[in-house]
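Report on one structure; see the data block that follows.
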Amino acid sequence: MYVNCEKDKRVVVTLDAGGTNFVFSAVQGNREIITPIVKPSFANDQERCLNGIVKGFEEVFSLVPQQVSAISFAFPGPADYDKGIIGDLPNFKAFNGDVILGPLLEDHFDVPVFINNDGNLFALGEALTGFMPDINDKLKKCGSNKQYNNLIGLTIGTGFGCGIVIGDILLKGDNSCGGEIHNTLNKNRPDWNAEKSVSSRAIQRIYAQYASLELSAAPMPKDIYDIAKGLKAGDEYAALQAFTDFGEALGSSVCNVLTIVDGLVVIGGGLAGAWDLFAPHMFREVNNKYLSVADGPVNRLSMKVFNLEDPFDLNDFCTGAMKEKQVPNSNRKITYDAFARTGIGRSKNETSRSISLGAYAYALVRLGF
């Protein structure tokens, strides 16, 4: 379905639509050909938000020296993406009441408009041009014949997003709900969904709880990170606990997805920068065990999960367990990797860049090669 887009000459204008900012860009041949343009999103004001989207795209069109083939961009769900209708968004009040965004832009710019979930396009960008090809290249250099074809892309920030690429297929789902990880079970509070413990707001809430503060008085997540690292004054214990709880909840949701989709996991988004604080707790949860009355503790997952940001883990992951076995009653031998494993790592790209590259590839497929 998806092919290498590096030599394609068509230009696609893109947008990463976040609750705070809009990031507009233009992509040709898998390269951003302008400096991304950042505009406030006005997430609670529909008129200003829609006007900002149109004006942002107009500015990009004015900077591109050739004809634009399509507009393709990411939006947080829920939505009917094929029809370009954005539904009620919990973190984006400007779109309450169903907004016919795709056709509005098609009428204004007279080009095809493709919209998809931001988690979906992040995962697609990382599968085609980011994390997955990088890991597969490392495996080849180690002499391994193992290659990964499936990827789970997670975005952690204002919300908790997910996209899934299986082979060369982006999982959209029949209701544009292909990777709704935010609604997986919350390990810390089973009466909440996962996003309540895996988001910027969750970091602030836990900090406020342990520091005996009103939630409105909690610092921003970046400040809480700096407090945990001893770089700012504040309640260091509360800050560390905030990232502990966050990591455990994230790890539990990762396990839930890995039981269904056997592939690599890449994490992006604003909170990914706090990897050093939450990742140890995430991996402890991922490699946790279930209790069995008859057999004692059993692994929660059917494969071992490696921290691909750790050089020693990465080496063991790449080395694997190569074996050669002879086929019974035959002179033929089979070489294979007997070590069932996967890994979790952090995106090396800006999240908005991976989303733009995913939006570009998605548009080219919809346009037809």
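The values are calculated or read from the model by the stated rules, or taken from the named source; none is laboratory data. Worth saying up front: this structure is predicted, and the values here are computed from it rather than measured. Backbone-built Cβ (ideal geometry, glycine too); neighbour counts: all protein chains shown.
Of everything in segment 59-68, what is in contact (Cβ under 8 Å) with a residue 40 or more places away in the chain and more than 22 Å from PHE122 (Cβ to Cβ)? Give them in sequence order. First the steps, then the outcome.
In the first step, residues of segment 59-68 are kept if they are in contact (Cβ under 8 Å) with a residue 40 or more places away in the chain; the result is 60-61, 64, 66-68.
Correct list: PHE61, VAL64, GLN66, GLN67, VAL68.
Do we have any residue at all in segment 312-319 that's in contact with a helix residue (DSSP H, G or I) (Cβ under 8 Å, 6 or more places away or on another chain) and either within 15 Å of LYS138 (Cα to Cα) or at pLDDT 95 or above (or both)? For segment 312-319, residues in contact with a helix residue (DSSP H, G or I) (Cβ under 8 Å, 6 or more places away or on another chain) and either within 15 Å of LYS138 (Cα to Cα) or at pLDDT 95 or above (or both): present. For the residues ARG189, ARG201, the requirement of being touching a Ser or Thr at 6+ places or on another chain (Cβ under 7 Å), of a type in the set (Lys, Arg) and surrounded by fewer than 18 Cβ atoms within 10 Å (Cβ to Cβ) singles out ARG189. In the set GLU285, GLU309, only one residue is within 21 Å of ILE344 (Cβ to Cβ), assigned to a helix (DSSP H, G or I), more than 16 Å from the chain's Cα centre (by Cα) and acidic (Asp, Glu); that residue is GLU285.
How many residues are assigned to a loop (DSSP other than H, G, I, E, B) and at negative phi if we restrict to segment 12-31? First the steps, then the outcome.
First, pick out the residues of segment 12-31 that are assigned to a loop (DSSP other than H, G, I, E, B): 18-20, 29-30.
Within this subset, residues satisfying the condition of being at negative phi are 18-20.
Residues meeting the conditions: 3.
Taking the numbered list (1) surrounded by 13 or more Cβ atoms within 10 Å (Cβ to Cβ); (2) touching a residue at least 24 places away in the same chain (Cβ under 8 Å); (3) over 25 Å from ASN349 (Cα atoms) in turn, ALA17 passes all entries but (3). Say we look at segment 326-345 and pick out the residues that are surrounded by 11 or more Cβ atoms within 10 Å (Cβ to Cβ) and at pLDDT 90 or above; which of these is nearest to TRP275 (Cα to Cα)? If we take residues in segment 326-345 being surrounded by 11 or more Cβ atoms within 10 Å (Cβ to Cβ) and at pLDDT 90 or above, then GLY345 is nearest to TRP275 (Cα to Cα).
Exactly one of (1) within 30 Å of PHE22 (Cα to Cα); (2) not in a loop (DSSP other than H, G, I, E, B) is unmet by TYR336. Its number? The failed condition is (1).
So in segment 253-298, with the set limited to residues that are small (Gly, Ala, Ser) and in contact with a strand residue (DSSP E or B) (Cβ under 7 Å, 6 or more places away or on another chain), which one is nearest to ASN136 (Cα to Cα)? Walk me through it before giving the result.
So the first thing to find is which residues in segment 253-298 are small (Gly, Ala, Ser), and the list is 253, 263, 268-270, 272-274, 279, 292, 294, 296.
Add one more test, that the residue is in contact with a strand residue (DSSP E or B) (Cβ under 7 Å, 6 or more places away or on another chain), and what stays is 263, 268-269, 272, 279, 292.
Numbers: GLY263: 12, GLY268: 19, GLY269: 23, ALA272: 22, ALA279: 22, SER292: 36 Å.
Here the answer is GLY263.
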